[in-house]
1. Between their Cα atoms, which of Lys39/Lys95; Lys111/Lys215; Lys287/Lys358; Lys189/Lys358; Lys189/Lys325 are more than 21 Å away from each other?
2. Taking only Cα atoms, what is the 0 to 90° angle, nearest 10, from helix 127-138's long axis to the longest principal axis of the chain?
3. At Asp366 and Lys98, where each label point lies 7 Å from the Cα along Cα→Cβ, what is the point-to-point distance in nanometres?
4. Per residue of the stretch 337-349, what does 6.51 cos²θ - 1.76 cosθ + 1.60 with θ = phi - 60° give for ³J(HN,Hα)? Whole Hz please, x for Gly and Pro, Karplus curve as stated.
5. Only Cα pairs within less than 10 Å get springs; with that Gaussian network setup on the chain, which residue of Ser266, Ser258, Ser369 has the largest fluctuation?
6. Enter the angle in degrees (range 0 to 90, nearest 10) between the Cα long axis of helix 10-26 and the first principal axis of the Cα atoms of the chain, meaning the one along which they spread out most.
7. In debye to the nearest 20, how big a dipole does the stretch 40-278 give about its Cα centre with +1 on each Lys and Arg Cβ and -1 on each Asp and Glu Cβ?
8. So which residue, out of Ala134, Ala96, Ala85, gets the largest mean-square fluctuation from a GNM of the chain using Cα contacts under 10 Å as springs?
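Please treat every number below as a calculation from the coordinates, not as lab data. It should be emphasised that the depicted structure is a prediction, and the values quoted were computed from it without experimental measurement. With ideal geometry, Cβ positions are generated from the backbone for all residues, glycine too; neighbour counts draw on all protein chains shown.
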Amino acid sequence: MNTFADNFTYKHFLSVIVLIIGFNANAAPIPKAPNPDVKSYILIDYDSGMVIAEKNADLILPPASITKIMTSYIIFTELQNETLAKNDYVLISKKAWKTGGSKMFIEVGKKVKVSDLLQGIITSSGNDASVAMAEHISGDEETFSIYMNQLAENLGMVNTSYANSTGLPNDDLFTTARDISLLARSLIKKFPDEYKLYSKKEYVYNEIKQYSRNKLLYLDDTVDGMKTGYTKKAGYCLVSSALRGKKRLISVVLGAKSPEHRTNASKSLLEYGFRFFETHKLYEQNKIVTEGDIFGGSQQKIKLGVLDDEYISIPRRQIKNIKTKYVIDKNLTAPVQKGESIGYAIIQLQGENITTIKLYAMESVDEGSFYRKTLDSILRKF
């Protein structure tokens, strides 16, 4: 009788090899990120804030009209604080009217609604509109720049300096792709309704129709913002964001050689992120994540969780390989108030730390009885 081994020919052996190779190909790692010919870029996931791809992301460069994202951020802040209204009128100064570069064609001495100026800043990148709003909010552009720098510091934009509201060349005006991604993410998160202004492809002011320079708005329906920029020194720049399903990505491209280069670079980065990466909600706001020991309290365990929904962005089909390590103060002692930061979760993928998430007390724990505190003081010595 022939056995399985007797019938297992060289041909079968080759078939098994082909099968194994095919299986491994399906499990192959994702390709390297695109490498567009630009000075700097970064691609981040909106929900997690994690970096998917980057190149020279901390290289200090002039931002050109990308500056106006911060100008708009301040206007949105003032509107939210009700210190400014969209129907307010702004008197156009001679300085605003004379400002060179891109314009929305406002006229000196006239009064223009905040809503019109805001759209002119966002869609047609109006330098005249930017100066007019800076003067209206802060009295002059120099004081407005101080406001811009204060906000940049608050947002953690550690390599950014603002010197004007427009992005026109100035030695004290610089930023990085990473810092811009922080600003863009914060703007979308904090001002979701106002952000919709960035999706407009055109608008009309003073009987002049003007169009957005962000060509991705015309090429990809999932792209809904944000801002272009250009000066000779900065090159062609583009901040873009796209939403597909529930997943949003943000790309920043600085120092491209042409409008087509910045558009193509941004498009390739967004496609890469959507195709090869997944976003997962890891922890839900105010839900219990784990427990930790606490000494000298009215109870011996304390519940830990997160204050906001926490997400991770990882290569596709890798969620099953995620591992978590909890780090909690071994000497945690009562009293502890609800909302205090008392530990963190280290998220690992294939043995590498990919992000850290702060953990907070989900409950208050008061001091325990004299007996409890005495017993715990003895136990913690062992």
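1. Working: Lys39/Lys95 33 Å; Lys111/Lys215 31 Å; Lys287/Lys358 13 Å; Lys189/Lys358 19 Å; Lys189/Lys325 29 Å.
Pairs exceeding 21 Å: Lys39/Lys95; Lys111/Lys215; Lys189/Lys325.
2. Roughly 80 degrees, rounded to the nearest 10.
3. 7.0 nm
4. So the Karplus estimates, Gly and Pro as x, are 8, 4, x, 6, 7, 10, x, 7, 10, 9, 9, 10, 10 Hz.
5. With Cα springs under 10 Å in the chain, the top fluctuation among Ser266, Ser258, Ser369 is at Ser369.
6. Helix 10-26 sits roughly 50 degrees off the main axis of the chain.
7. Working: 31 positive and 28 negative charges, 147 e Å.
Here the stretch 40-278 has a charge dipole of around 700 debye.
8. Its mean-square fluctuation being the largest, the pick is Ala85.
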